[in-house]
Structure formats: structure tokens, C-alpha cells
Amino acid sequence: MTAYILRRLLILPVILLGVTFLVFFMMQFLDPVQRLSAYIKSPAELKSLSADDLEKLVDKYGLNKPLLVQYFDWLKRVLRFDLGWSEVAHQPVRDAILSRFPATLELALFAVFPVVWGGIWLGIISAVNRDKPLDQAIRIFAVIGWSLPSFVFGILVLFLLYGVLGLFPPGRLSLWAQNIVSSPDFKLYTGLYVVDGILNGRFDVALDALRHLVGPIITLSYLWWAFILRITRSSMLEVLHKEYIVMARAKGVPEKLVIHRHAKKNALIPVLTVAGMMVLGLLGGVVITETIFDYPGIGRLAATAAQQLDYPLILGITIFYAFLLVLGNLVIDVLYAVVDPRVRLE
Amino acid sequence: MKKLLEVLNLKTYFFLEEGVGKAVDDVSFFINEGEIFGLVGESGCGKSVTALSIMRLVPSPGKIVGGKIIFEGENLLEKSYEEMRDIRGRKISMIFQEPMVVLNPVYSIGFQIAEAIVVHYPEVSWDEAWERAVYMIEKVGIPNPRRRAEEYPYQMSGGMRQRAMIAMALINNPRLLIADEPTTALDVTVQAQILELMERLKEEYKASILFITHDLSIIAEISHRVGVMYGGKIVEVGDVFSIFDRPLHPYTFGLLNSMPRLDKEEKRLYSIPGSVPSLLSFPQGCRFKDRCDKAFSLCDKEPPLVEVESGHFVQCWLFSK
Amino acid sequence: MNEVLWVLKRLLKNPSSCLGLVIVLFFALVAIFAPVIAPPEYPDEPYLLPKGGWAVEPSPPSPDHPFGTTEGQYDIFYGIVWGARTAFKVGFMTVIFSALIGVVVGAISGYFGGWIDEIIMRITDIFMAFPFLVAAMVLTTILGKGLDKVMIALIAFGWMGYARLIRGSFLSAKEELYVLAAKAIGVSSFKIIFKHILPNTIYPVIIQASMSMGSMVVTASALSFLGVGAPDGYADWGQMISYARNWIVGAPGEALRYWYTFVYPGGTIALFVLGWNLLGDAIRDILDPKLRRIRVR
């Protein structure tokens, strides 16, 4: 196991280097002037430039040098987190990403429990009641959730919760709450408005922030349940057919313990990977859900960047996502080993 | 002698998409107290399903559709789930063929043995159950029991795991031990050790054993009485000497002749023609008739079970008038 | 051929896969007969949505526009009919090409093994480091708008699953006797791959391909929904939903006023994906050798 993790750690830089190269490679489809925007540090540098000056800037940043030289120049900047200037956000790309991160983190923290736990719970119920009406109902529920595109279901949720009921608005805070949060008396400890609201004693703000999370959480829960439920169900069914389950029953272990002690622990090992991927997905921001609910996280930022053709921003976010995913997968694999003694001790 | 278990006209069918598979069809036999009863037959003949039926653990789509299983004077098929659960692992235990897949990979050996105590005797503390588990691990001949108890199944050899499983089965001092091919997956030398261990512990714990195997030499070695199964039916039952010396059913005859023996000189081993048909495609009447070299017109009808000599039954038209 | 008939028979036996088949066939018919069902206004550019006027506000269903018109007076019915063609085009093209690339890459990797395998698998890892939607979004943004760009982006980041699948099958198939036997009598590598190994490993690819039809179409639509996919006014379901977005909340006191802008395209795409998912699931159940066996002791 240690050898395996060591191997993964050794490969890690190779993968990350490959990731940057792939992004750089994609950049090459842009013409040098478009690419220039990924290098510029502030809009001042672009102001009052004529066509000649653009050429000069291209020269200055070495955009007509050989590809490999350009790549290593660019890589040096990326490694210093210098990702250029974002027109859309009116700030450096790095700051744009970092400033949206608390919003995404807050949504992730509140969504992870209903998404993962709910899906696993449904999957186990479904497997235990195999082919009975309850299982059929859950499976129909799942196949519908699996087939609904997020942008269809998200809009439907927004329509019902906001359009019809008028209860759960889009955005992250209501205007009045936003004013409180931006006022100097309100201290931002964590950047998570629910937590900060409580810490500042402004429970109304915390409640308002929570209210805005309901729509995205419902959307994510239903759509991702379908996924995690299916995997839990099939894994659970497979495990329930194993000889050690027959053995547990033959020992006289009560059915409840057979399922929750003997079957569940084995069945959830493969589910862990999927759950881990979901947590990573949440941490990276969910592009479509955030866009629909106008939730100012990294996902919506990415969508805006793509719509407005803000290349430095979209490339920067892509690198951020890839790094998050690569490092996160490593963490998941280590966790895997903690849960499964077969992996741990090999 | 007192009968500990009596199986009467047991029928366990599998309801498949393609039809009904009669895995166990009208099977009757009994096991006396303190006896080892051997159930022998080729794979797919229904011997494992018989064992699982006694435990009432037949996997779906299988179902017990008829018969009685009398254990200590009571019909197990009339027990509630909770009553049956209380019997499993306490009065009737089972050990299986593949100790690798039968032990739960994510719990330690000690945990799995101690658990067998605690689920039946909630008043026993976990620490005490653990101590008993360690004692039992030592008893089945595993060195370093205290350390081994904390190990996981995949850290042990096949023989060790089988010993651990025997420890788990005997921990509650059961009246009946069902052993389903317990030595098949093991090396020959280990096989002998395990058999010896089982016989010794049986004496010590005064249990009966239902020993299921396809290996006649094991049956000859350890069992007192034998049932021969073919196609979901018991075709011949008797004590071990009469079965081995005077086999009656052509199938038993074939099985014995296809086994190498030291006491007879033979040029080449006999083999039964054909192979076991699938559960769904047994012929009408005697299920063995298509492979039988003595088959005649009467075999198209189902033969009755007749007692040819005292305690020696056979189901074949050759012996009924 | 017998195998195909057998699969079809099994498909028709199960109500949910039957439903899937019916839905997919229905959409296929709509796509094939699109010029008859909704004759194009501009025959040279049939995918351009006809406009029923210049007003911004959607107008409700009427004899001229059976499903109403959406933002900018684009005809919804026309968009749905021709959008079916778009969906099939995107689905088939992306699935077939990404499967093709994946199979070739995976076959090379698995057959040769060693450092070739190591390098190819690391490249696969690099491609897998990006979330699918984001990667497709970036590449489409860079390449520019248009359905062809969307398809290129989806294929570029969609082949890795097939490659891993085929590589895995190859690694195990390599150990098997028939390959060793073929090698021993001196059959060339190329022939071994195409005649002996591929036919035996192709089922998982078919399963994966049929299961990913739905998600490919959804991702393409999502890109259009975000405004980086199909060009403005193109018959694409995702785009039609993005037109509905501004109107979904309705008018004050009349939440349901513009329901048609969302219900028709949203229902259509959900139904389409449902059909493929049911079908893909059924094909997996039928072809997966692990599920095929019925265990009886």
C-alpha cells in the first residue's frame, strides 16, 4: 500500500505537468493577440495601445518564440499562480477564483450530506427490498432523475420554489442581507454566510443565506441521488449474494445486522469512490446549477467566462479544476485504503 | 439410537425464467445423535440446496415447497424467523466450502467468532466473547491465537481459514454441524488434518455432522451412514459398510467403480457415461435412466424407495417387484 | 446475426427496455421525417429556426405555431423537430468517434504493454483530470461557436473510458490461450488484435456506448444552454431551454404564463435521454456476461 501511494505521489507531478501542457496546447488554437490576454497583468497595460503596440506586447511576452520556450515561460507564471487578468471579473484571475471559493465551499458543505447520505440510504433500501414495490418505485424515481438534464430540472425547481411558491429565491443573499454583510460592522470570519451570520449574531442573515441554498441543494440532491443510488444498489445486491452473507445468516446474525454490519461495510467500499468524486465536483463548483440559481460560485464564474470569451479566466479555472481533481483523487485513494483492510495491508 | 434430525419428503424448487428447477425433490433421510451422515453426489445434484434448506437459507429464486424437517422433535419449517435465527449458529451450525469467500473480508477473525456468541447470548460482554473466541481459535489448532484473532481472513492460509470457520461453527456448542464440502478447496495434507480435527471436536462436543462431499474416499473414512444423491433425489441410503460393499443403485455402483481403490486390481477406471444434465432437463421417470446401462422399460416411471436389507434403501426398479 | 435477433427478443420482453426502444424509435422517425413534419423555411439552412416576428416576448401556441414561439419569436415546434436531428447527429457522431479513438488507443496500450502502455495510460489520466463539462466548455470556447466544434470537444474528452475498458480486456485476453496459440504459430500482431482479441472484447464497448448516448446529448445541450454551443437561432434543444430561462418565472400574478417555452423543449430532451438510458441499461443487462449467468447451486 505504501508503495502504491508512493508511486502515485511520484506520478503526480507528471500528471500535473501534463495537465498544464494540455491547457497550453488548447491555448494554441487562439491567435497570439487573444493569447496575450492570458499574460497581461492589469487593464492599464492594454489601455491606449495601437496595433503596433500589440505587436510589441506579443514580442515582450515571447509569444512568437518556439512553442516549448513559450510553454516553460508560461508554466513559470502558472506555478506562481499568475494567471493573467480577467476582464469579466475586473481583477486578476487568481483573485477572481479565490473570491468565489467561499460561496462554492458553502454550497458544497451543505449539499454533501443530503446528496451522499440520501443516495446511499435510498440505494440500500432499494437493494434490501429487491423487486418489491418500494424498490420499483425508487428505481423509477432514479431513472427519471438520471434522465433529467440538470438545466431542465434546475429550472423546474427554480420555477416551483420561486416562480410559483415565491419562497426560495435565486442568488446567494437577499439585497437587505447583502447590505448587512457588506457593512463594516459585519465581520467575515469564514466567508460562509451561514456561519458568519451566526458568529455575528445575525441569525436573520444566516437564515437568508440558508434559504438561498435550498434550490441548488434540491437540484443537486435529486440528480446525483440517481447516480449514487444505482451504484449503492448494485454493489449492495452483489454483496448480498456473497457467501459471507449466507455465513452470517447461518451464524444466526439478525437480518438487520446482516445488512448494516456485514453487507453495508463491504458494499460501500466502491461507493466511496463515487461519493469522493461528488465531493470534488461540489468543491469545484457546479457550473449549470450555479448558473441557473445565479449562485456566485466558481461554477457560475466559469460559465460567465466562457460566454464572454474571457480566455485567461476560463483557462485559469480549468487549471484549478484539474489540480483539484488530481489531488482529490489521491486523497480518495488513501481513504479507500483506510476503509478496506485488504488494500491497507497489502 | 435417537434421531436428531429427520428430513421428510423435502422439496426445494427453483423458479427460474426458463422453468421450474427441482433442485431437491422428495428427499427423506435422518441423522442419529452423535452420528456422521455423509451425503454424496456430483456437483449440481442438490446436496448443497438440501443443506441450505435445513438452515432455511435457500437463496431466491429457490423455495421450499413441501416436506418436513424435524429437528429435536420440532418441524423447522414451521418456525418463525426469530425462532429459526435462534437455532442457526446455536443449535445447527454450518461450514462451507470456500473459507476465503465465506469469511467477511472487512472484519477480523476474532470479531467474527465473538459475534457468533454475542448474537445468541446478549448477556455475554464483548470482552468475554473475545476471550472465548481466542480460546476456540487455539482449540482448532491455530498457533498464536491472541494475535491471529486480530487478523483479517486474507492474511491467513486456506487451512487456517477453514480452522477459523470450524471454530466459528462450534463456538456455541451446536447439536448439528452441517459441513458443505469443507475440505474440497484444500490441499490433500491439510484435508487430512481438518478431517481429523472435525472428528475429534465432534467427539468432544457430542455433535452430529451432516457431511456433504463429492469425494467418496472421505465418506468412507469418516461417516457412519451415507446417502447418495442424484438429480435432486436420494437414490440410495444405508450404513457405510453396506453401501460400499453391496452398492445397489447403478449410479452408486458407477461412482464406486470410478474411484481408484487399493484393494482391487483394475486395468482402467470406470466412468459413468454422459454428464449430469441441467436441473431443467432431467428425463421423466427415473432421472438416471439416460446414463444407466441397465435401464429398461419400467424406468420411464418414477421408481419407489424400497428397503432391500435392514436400513439400506434404494430407489430403482431393479429392486422393486 | 442470431445474436442481434436474440438481443432484440430480450429487449422486447422487458417493459422498461421496450419503452426505451419505442421512445428512441419515435425520435428517430421524427428526425428522419423532419423535412416532412416541419418543412424548412430556408431549404439551404434547414437548421435555422424560422422567426414568426420580431417581438421579444414569447407568444402562446396558435395554429401557426402549434407549440408557441419562444423569446425572439422562434418557432418551438420547428425547433423540437429539427432539434431531434441535431440530437441524433451529436449523439451518434460523438459516441462513435470517441469509441473508435478509445478502442484504438486502448488496444495499442493493452496489446503492447510495457512503457508504451505506461505512457498512454498517463496521457489518459491527464485527459481524465478535467471534469467533462468544463473541459468541453473550454475547448468549445477556444474553437468558437458551432455544433461541429461542440462535437470535436466532446470527442476530445470522451474517449478515455473506452480506452481503459479495452485496455483492461486486452490485458486479460492476452493471457488467454487462444492468443498465446495464435502467437505461437506466428500470426502477426495486427491480425491478432483485429481477428482474435477485438471481437471478444467488444461487448463492454457496445454497453458503454449505448449508455453514454444520453449523457453526450445532454452535455452538448448543456453547452448550448450556457451559450457556448450551437450558434444563435440553431435548432438545438439546449438552446431552446436557454431561451426559456428568462421567462420561466412568469409574469406578476401569473407564474404559468410562459409555460410552453419550457415544457415542450424540457420535456422533449428529458424523454429523449430517458429513452436512451432505458435502452442502454437494458443492453447492459442483456450483454453483460456477469449478469447473464443464473446461479443455482
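The values are calculated or read from the model by the stated rules, or taken from the named source; none is laboratory data. What you see is a predicted model, and the numbers here were worked out from it, not measured in a lab. All Cβ positions, even for glycine, are placed from backbone atoms using ideal geometry, and neighbour counts span all protein chains on display.
Conditions tested, residue by residue: (1) more than 16 Å from A:Ala303 (Cα to Cα); (2) touching a Cys at 6+ places or on another chain (Cβ under 7 Å); (3) within 13 Å of chain A (Cβ to nearest Cβ).
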position	(1), (2), (3)
C:Ala107	yes, no, no
C:Phe112	yes, no, no
C:Trp115	yes, no, no
C:Glu118	yes, no, yes
C:Met128	yes, no, yes
C:Met137	no, no, yes
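Summed over region C:174-201, residues that are touching a residue at least 60 places away in the same chain (Cβ under 8 Å), more than 12 Å from C:Val103 (Cβ to Cβ) and aliphatic (A, V, I, L, M) total 1.
Yes or no, residue by residue, for (1) touching a Pro at 6+ places or on another chain (Cβ under 7 Å); (2) within 18 Å of C:Asp281 (Cα to Cα); (3) among the basic types (Lys, Arg):
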| site | (1), (2), (3) |
| --- | --- |
| C:Lys13 | no, yes, yes |
| C:Pro50 | no, no, no |
| C:Gly53 | no, no, no |
| C:Pro58 | no, no, no |
| C:Pro63 | no, no, no |
| C:Pro66 | no, no, no |
| C:Gln73 | no, no, no |
| C:Lys89 | no, no, yes |
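Screening region A:256-346 for helices (runs of 4 or more DSSP H) wholly inside it with 1 or more residues that are at pLDDT below 85 and farther than 26 Å from A:Val152 by Cβ returns the ranges A:264-283, A:311-339, A:341-344. Put simply, of A:Val326, A:Val339, A:Val334 the only residue that is out of contact with any Ser or Thr (no Cβ under 9 Å at 6 or more places or on another chain) and more than 11 Å from every other protein chain (Cβ to nearest Cβ) is A:Val334.
If I filter region B:97-117 for residues that are buried (at least 20 other Cβ atoms within 10 Å of the Cβ), at the interface with chain A (Cβ under 10 Å from one of its Cβ atoms) and in contact with a Ser or Thr (Cβ under 9 Å, 6 or more places away or on another chain), do I get at least one hit? The answer is yes, given that some residue of region B:97-117 is buried (at least 20 other Cβ atoms within 10 Å of the Cβ), at the interface with chain A (Cβ under 10 Å from one of its Cβ atoms) and in contact with a Ser or Thr (Cβ under 9 Å, 6 or more places away or on another chain). Of the residues B:Thr183, B:Thr213, the single one that is of a type in the set (Val, Ile, Thr) and farther than 26 Å from B:Lys3 by Cα is B:Thr183.
Here region A:269-291 is the region considered, the condition is being surrounded by fewer than 20 Cβ atoms within 10 Å (Cβ to Cβ) and farther than 30 Å from A:Ala306 by Cα, and the residue that is nearest to the other protein chains (Cβ to nearest Cβ) is A:Ile269.
Results for (1) surrounded by fewer than 17 Cβ atoms within 10 Å (Cβ to Cβ); (2) under 13 Å from the mean Cα position of the chain (by Cα), shown as yes or no for each residue.
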residue	(1), (2)
B:Asn9	yes, no
B:Val27	no, no
B:Ser53	no, yes
B:Ile87	no, no
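Restricting attention to region A:210-232, does a residue exist that is without any contact (Cβ under 8 Å) to a residue 40 or more places away in the chain and of a type in the set (Val, Ile, Thr)? Among the residues of region A:210-232, not one is without any contact (Cβ under 8 Å) to a residue 40 or more places away in the chain and of a type in the set (Val, Ile, Thr), which makes the answer no. Scanning region B:39-87 for residues that are of a type in the set (Ser, Thr, Tyr) and within 27 Å of B:Val276 (Cα to Cα) yields B:Ser43, B:Ser48, B:Thr50, B:Ser53, B:Ser60.
Surrounded by 18 or more Cβ atoms within 10 Å (Cβ to Cβ) and either more than 12 Å from every other protein chain (Cβ to nearest Cβ) or in contact (Cβ under 8 Å) with a residue 40 or more places away in the chain (or both): does that describe C:Leu165? The answer is yes for C:Leu165. Residue check, C:Gly106 against (1) buried (at least 22 other Cβ atoms within 10 Å of the Cβ); (2) within 26 Å of A:Ile288 (Cβ to Cβ), all met but one. Which one? With (1) buried (at least 22 other Cβ atoms within 10 Å of the Cβ); (2) within 26 Å of A:Ile288 (Cβ to Cβ) applied to C:Gly106, the lone miss is (2).
Candidates in region B:177-218 are the residues that are within 14 Å of chain A (Cβ to nearest Cβ) and small (Gly, Ala, Ser); of these, the one that is nearest to B:Tyr152 (Cα to Cα) is B:Ala185. Considering only residues of region B:140-176 that are touching a strand residue (DSSP E or B) at 6+ places or on another chain (Cβ under 9 Å) and more than 11 Å from chain A (Cβ to nearest Cβ), which is nearest to B:Ala116 (Cα to Cα)? Among those that are touching a strand residue (DSSP E or B) at 6+ places or on another chain (Cβ under 9 Å) and more than 11 Å from chain A (Cβ to nearest Cβ), it is B:Leu170. Assessment of region A:40-52 against the conditions (under 22 Å from the mean Cα position of the chain (by Cα) and modelled with pLDDT under 85) yields no matching residue.
For region C:66-91, the tally of residues that are within 21 Å of C:Ala31 (Cα to Cα), free of Cβ contacts under 8 Å to residues at least 24 places away in the same chain and surrounded by fewer than 22 Cβ atoms within 10 Å (Cβ to Cβ) stands at 1. When B:Glu42, B:Glu82, B:Glu128 are checked against the criterion of being within 14 Å of another protein chain (Cβ to nearest Cβ), part of a helix (DSSP H, G or I) and surrounded by fewer than 18 Cβ atoms within 10 Å (Cβ to Cβ), a single residue qualifies: B:Glu82. Of the conditions (1) under 28 Å from A:Pro312 (Cβ atoms); (2) at pLDDT below 90; (3) hydrophobic (A, V, I, L, M, F, W, C); (4) surrounded by fewer than 19 Cβ atoms within 10 Å (Cβ to Cβ), C:Ile123 clears all except one; give me its number. C:Ile123 satisfies all of (1) under 28 Å from A:Pro312 (Cβ atoms); (2) at pLDDT below 90; (3) hydrophobic (A, V, I, L, M, F, W, C); (4) surrounded by fewer than 19 Cβ atoms within 10 Å (Cβ to Cβ) except (2).
Rundown of residues vs (1) of a type in the set (Lys, Arg); (2) more than 11 Å from chain A (Cβ to nearest Cβ); (3) at positive phi; (4) surrounded by 15 or more Cβ atoms within 10 Å (Cβ to Cβ), yes/no style:
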site	(1), (2), (3), (4)
C:Gly161	no, yes, no, yes
C:Lys191	yes, yes, no, no
C:Gln208	no, yes, no, yes
C:Asp232	no, yes, no, no
C:Tyr243	no, yes, no, yes
C:Val249	no, no, no, yes
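So is B:Ala179 closer than 17 Å to B:Ile218 by Cβ and either touching a residue at least 12 places away in the same chain (Cβ under 8 Å) or charged (D, E, K, R) (or both) or not?
yes
Of all residues in region B:6-39, those being closer than 15 Å to B:Ile64 by Cβ, among the aliphatic types (A, V, I, L, M) and away from every other protein chain (no Cβ under 14 Å) number 4.
Test B:Lys68 against the criterion of being assigned by TED's automatic domain parsing to the domain that holds B:Phe241 and among the charged types (D, E, K, R), and give yes or no. It is true that B:Lys68 is assigned by TED's automatic domain parsing to the domain that holds B:Phe241 and among the charged types (D, E, K, R). Looking at region A:262-282, can you tell me whether even one residue there is closer than 23 Å to A:Ser99 by Cα, touching a residue at least 12 places away in the same chain (Cβ under 8 Å) and touching a Gly at 6+ places or on another chain (Cβ under 8 Å)? So far as region A:262-282 goes, yes, one or more of its residues are closer than 23 Å to A:Ser99 by Cα, touching a residue at least 12 places away in the same chain (Cβ under 8 Å) and touching a Gly at 6+ places or on another chain (Cβ under 8 Å). The criterion of being within 25 Å of the chain's Cα centre (by Cα) and not assigned by TED's automatic domain parsing to the domain that holds B:Leu197 does not hold for B:Gly110. A single member of C:Val24, C:Val36 is among the aliphatic types (A, V, I, L, M) and either assigned to a loop (DSSP other than H, G, I, E, B) or surrounded by 15 or more Cβ atoms within 10 Å (Cβ to Cβ) (or both), and it is C:Val24.
The set of residues in region B:1-52 that are of a type in the set (Ser, Thr, Tyr) and touching a helix residue (DSSP H, G or I) at 6+ places or on another chain (Cβ under 9 Å) contains only B:Thr12.
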